[in-house]
Amino acid sequence: MSFAWTSKLALAAGFAILPASGWAQSVNISYLTHWSPETVALLEAAAKDYAKTNPDVSVTVRAVPFGDLLTTLRSQGGGADGPTIGGIYDLWLPELARDKLVAPAPDAVASEVKGAWPAGVVSAASVEGKLYGVPNEIDVYALNYNKALFKQAGIAAPPKTWDEFKDAARKLTNKNAGQQGFGMINSWAAGVVHPFASLLVSNGGELVKDGKPVLDSKQAGETFQLYEDLIKSGASVPAMATADANTTGPFLDNFVSGKTGMIIMANWWESALKTGMGDKFTDIATAPIPVGSSGDKPHSISYSWMTVVNANAGQAEQKAAWDFLAWLNNPKSGKNGASAMSDILMSMGILPSRTSDIDAHKDKLGSEFLSGYVSVLADAKPFPVVPGGQEFSESLQQTIEALQYGQVSAKDAQATAQADATSILERAAK
Amino acid sequence: MIQRYRASAGIMLAPAVTLIGIFILLPMLLTVWLSFQDWSTQTSFSSASFIGLDNFREIFGPTSVGRDFTGALTNTAIYTALSVALILPLSVAFGLMVYQHDVAGGTALRTVLFSTYMVPMIAVALVWSKLYSPSEGPLNQMLGLIGVGPQPFLSSPRSALISIVFLNVWQQVGYFTVLAIAGLTQIPGSLYEAAKLDGANRFEQFRFITLPLMRRTLLFSAVIAIINAVQVFEPVALITQGGPVGSTNVLTYHIHRVGIERAQGGLGSAMAVMLMLSLIVVVCALFALANRKDQE
């Protein structure tokens, strides 16, 4: 056979196998998260399990610090080459959906989520009734306290009311030993605002009602006053409260080293406490948020996280991403009827939000540390998810920090917070 | 003849002028145009709507947007002024030390000084955040040895910005020392010999020979130090996140927060324009001052 004929046959064979090779072409999707390397390894292992039944889809995981997550999503999510899947905080969703950075969930995924997750969590993952993400974790705030320090100070039980709370904070304070009664947080918006909001809702107040800020209420005024009282009495020291970009830093160091008696924090920091405290982690217990004089019972602020899909990714990538998320959050992908996602979350002490996952992890959720969080879930109030929510949160953070450092009085802080929130939410709603 | 000369000069200049136009002038003009628009960073330019001076009114207004912007502008000004005020004298002092031919280990000292400039800012920020740690930081432990109580450094709005300035000075001083040495090499040795014959002591030699003849080097160093300081971003993003109470919230970090995180492209552009104008004013004032001194 001449060279010319050989070439023609080879070309024809190439064209013949082209469609088949096109079908076999793999789809690469990427998953952006803020998780630690240990947790990323668990997600990578789950992706490998998925690849066993879906050999044409390859999932790569990329992690950035929490402080850089939104920036990365905003700066890279606008293009097809940005992350295909992103883990996001529910507060960010309205603006990411407005800017068409995230894709609405396909009908099959949406109906699965609506049937298998609590309605409040589904609503936090939706904008104008349209579901945009698969919810995974739910976080709620509770009082964490050091039992050893309580014993030393002669306090028998965790405080139930604000009066008991102030009294315990005073007794736990030992200036000579560099010990504070109650640890606030600063330099991190959620770390500042969520504990404040948890105290506010436990005093019968709210941050936002019907889309409008209500920080001018009597209950909010009392909450600002509580902060001022704790600072002025020396029971809370702002210099011990700083956080860094990884949501760790002195506020965490002071609690794990036994220099802070109480703190209000979310369940997800169980793994950070265990790492920092080792065997002394057993000294830590959880209790409901103390109730203010205007409140009826302990409440807490809750917020959720979800995974969203890049609206600018290719059709094949988007389809593969939703399929992977449906598998990852399905009760068959994990152990003993739990989803693979919930197994990953539970490794960090994070509460999964799918109803079947809560049942599947009943034993671990009954631990001394986590049961305190599970018990307050029913009365938790979701952090308001509104356009401008992130700016509102950062603005309130500035005001609370100014109060912490004695730059403004409780009265002025309340007036400033309400005025700023009104202007921010009005502008964002336009 | 002249026309042909002009044409060939134009042809030769065209590539450079085109590149400058595309990569420098166009983005600057675009930023100025966006500063008059209401625009989300995540949408196309065609979605921008003209709102006149509203963005500028907002950033100088009484709301949180205005307070945050003026706070960031003030922080940037303080950071820049302190950085320049520390870096320039230190670079001249180190330059004089290293430039002395009779000092043993001058080359080693020069290498050590310049090496800080080569360390990536991410590493510098991580190390300094631990050095400043209030509970386990070596700085506080050393202060404790001489009987000084623990200092809050990054945890107090009074000291956080100054702490970031020290970090910047530590990293940059080596580079400016090299510039100072370059300036010192330009001064003829004969001037010092003549001064010595006239009975001038070391201080007088420095005051009347070294300093006046280093004026151009110092002007260049000051301009570069100002531009570097105004662009500070990494230590704030990595260590303090602008806190506590916005005390380290410098303009570049604030523009990133407004323009990218919140996607408020119009507001962010207005802030960038104000930063650019402030920088132009300061640098022009510096050159005008130097020219006046030259004329005197």
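The values are calculated or read from the model by the stated rules, or taken from the named source; none is laboratory data. Every value quoted in this text rests on a predicted model; they were computed, and no experiment measured them. Because the Cβ atoms are built from the backbone with ideal geometry, glycine has one as well, and the counts that use them run over all protein chains shown. Please note that ligands, DNA and RNA were not included when accessible areas were found on the heavy atoms of the full protein model with its side chains. Shrake-Rupley method; radii C 1.70, N 1.55, O 1.52, S 1.80 Å.
The H on the amide N of A:Val27, modeled in the peptide plane, is under 5 Å from the matching H of A:Val57, A:Ser58, each at least 5 residues off or on a different chain.
For the protein assembly as shown, a simple Cβ point-charge model (Lys and Arg +1, Asp and Glu -1, everything else neutral) yields a dipole of about 1160 debye relative to the Cα centre. Other protein chain C-beta atoms within 10 Å of residue C-beta, averaged over B:244-257: 3. Charge tally around A:Glu368: other residues with Cβ under 12 Å, Lys/Arg +1 each, Asp/Glu -1 each, net 0. Overall form of segment B:64-295: oblate. Here a/c, set by the Cα gyration tensor axes a ≥ b ≥ c, is 1.5 or more, and a/b is not larger than b/c. Here A:Glu38 and A:Lys364 are evaluated by their C-beta separation; at R0 = 22 Å the FRET efficiency comes out at 0.80.
Taking a ≥ b ≥ c as the square roots of the Cα gyration tensor eigenvalues, with a/c under 1.5 meaning rounded and otherwise prolate when a/b beats b/c, else oblate, which class fits the protein assembly as shown?
Values: a/c = 1.81, a/b = 1.22, b/c = 1.48.
Taking the square roots of the gyration eigenvalues as a ≥ b ≥ c, the protein assembly as shown is oblate.
Sequence-ordered 3J(HN,Hα) estimates for segment A:247-258 from the Karplus curve with 6.51, -1.76 and 1.60 and θ = phi - 60° stand at 6, 10, x, x, 4, 6, 4, 5, 6, 5, 8, x Hz, glycine and proline given as x.
Label separation (B:Thr185 vs A:Ala157): 7.9 nm, computed from points 7 Å beyond Cα along the C-beta direction. In order along segment A:303-312, the Karplus-derived 3J(HN,Hα) couplings, from 6.51 cos²θ - 1.76 cosθ + 1.60 at θ = phi - 60°, round to 8, 10, 10, 8, 10, 10, 10, 4, 5, 9 Hz, and Gly and Pro are given as x. For the peptide B:261-273, the mean number of other protein chain Cβ atoms found within 10 angstrom of a residue's Cβ is 3. Here B:Lys130 is the anchor, and the aspartates and glutamates within straight C-alpha reach of less than 18 Å, apart from those fewer than 8 places off in the same chain, are A:Asp244, A:Asp253, B:Glu234. Solvent-accessible surface, computed for protein heavy atoms with a probe of 1.4 Å, shrinks by 40 Å² or more for the following residues of segment A:243-275 when the other protein chains are added to the isolated chain: A:Ala245, A:Asp253.
The interface between chain A and chain B buries about 2500 Å² of solvent-accessible area in total (1.4 Å probe, ligands and nucleic acids excluded). Shown in residue order for segment B:73-89 are the 3J(HN,Hα) couplings computed by the Karplus curve 6.51 cos²θ - 1.76 cosθ + 1.60 at θ = phi - 60°: 5, 5, 4, 5, 5, 5, 4, 5, 4, 5, 4, 5, 5, 8, 5, 4, x Hz (x for Gly and Pro).
Around the amide H of A:Ser302, modelled in the peptide plane, lie the amide H atoms of A:Lys381, A:Phe383, all under 5 Å away and 5 or more residues distant in sequence or on another chain. Pairs with C-alpha atoms separated by more than 18 Å, drawn from the list A:Lys166/A:Lys280; A:Lys335/A:Lys364; A:Lys160/A:Lys218; A:Lys147/A:Lys259, are A:Lys166/A:Lys280; A:Lys160/A:Lys218.
Rounded to the nearest 0.05, what FRET efficiency do B:Arg57 and A:Asn28 have when you use their Cβ-Cβ distance and R0 = 51 Å? All intermediate terms of the calculation are to be shown ahead of the outcome.
Numbers: r = 47 Å, r/R0 = 0.92.
Once the sixth-power term is evaluated, E becomes 0.60.
First measure r as the distance between the Cβ atoms of B:Val32 and A:Ser75, then evaluate 1/(1 + (r/R0)^6) with R0 = 25 Å and state the FRET efficiency to the nearest 0.05. Rounded to the nearest 0.05, the efficiency is 0.70.
The distance from the alpha carbon centre of segment A:175-206 to that of segment A:99-133 is 32 Å, rounded to a whole number.
Heavy-atom accessible area per residue, segment B:64-295, 1.4 Å probe: how many Å²? Please list the in-between numbers first.
Working: 11120 Å² over 232 residues.
Value for segment B:64-295: 48 Å² per residue.
I'd like to compare B:73-79, A:59-65, A:277-283: which one has the highest average count of other Cβ atoms within 10 Å, and what's the full order after that?
On the way: B:73-79: 19.1, A:59-65: 16.6, A:277-283: 13.3.
Top of the packing list down: B:73-79, A:59-65, A:277-283.
Let me make sure I get this right: for segment A:175-256, a, b and c are the square roots of the gyration tensor eigenvalues over alpha carbons, sorted descending. Under 1.5 in a/c it's rounded, otherwise prolate if a/b > b/c, else oblate. Which is it? Cα axes put segment A:175-256 in the oblate bin. In the neighborhood of A:Pro37, defined by Cβ-to-Cβ distances under 14 Å, what is the net charge if each Lys or Arg adds +1 and each Asp or Glu adds -1? Here the count lands on -1.
Looking only at other chains, what is the average number of their beta-carbon atoms within 10 angstrom of each beta-carbon in B:153-161? Don't jump to the answer; show the numbers that get you there.
Numbers: counts 2, 6, 11, 4, 8, 1, 1, 2, 0.
If you average over the peptide's residues, the count of other-chain Cβ atoms is 4.
Annotation: amide H of A:Gln179 within the under-5 Å range of A:Asn174, sequence separation 5 or more or interchain, hydrogens built in the peptide plane. If you take every residue apart from B:Thr185 with its C-beta less than 14 Å away from the C-beta of B:Thr185, what net charge results, scoring Lys and Arg +1 and Asp and Glu -1? Cβ neighbours under 14 Å give a net charge of +2. Please give the residues of segment B:169-212, grouped as numeric ranges, whose backbone N is less than 15 Å from a label point set 7 Å along the Cα-to-Cβ vector of B:Ser115. In segment B:169-212, the label zone of B:Ser115 (backbone N under 15 Å from the point 7 Å along Cα→Cβ) covers B:171, B:174-175.
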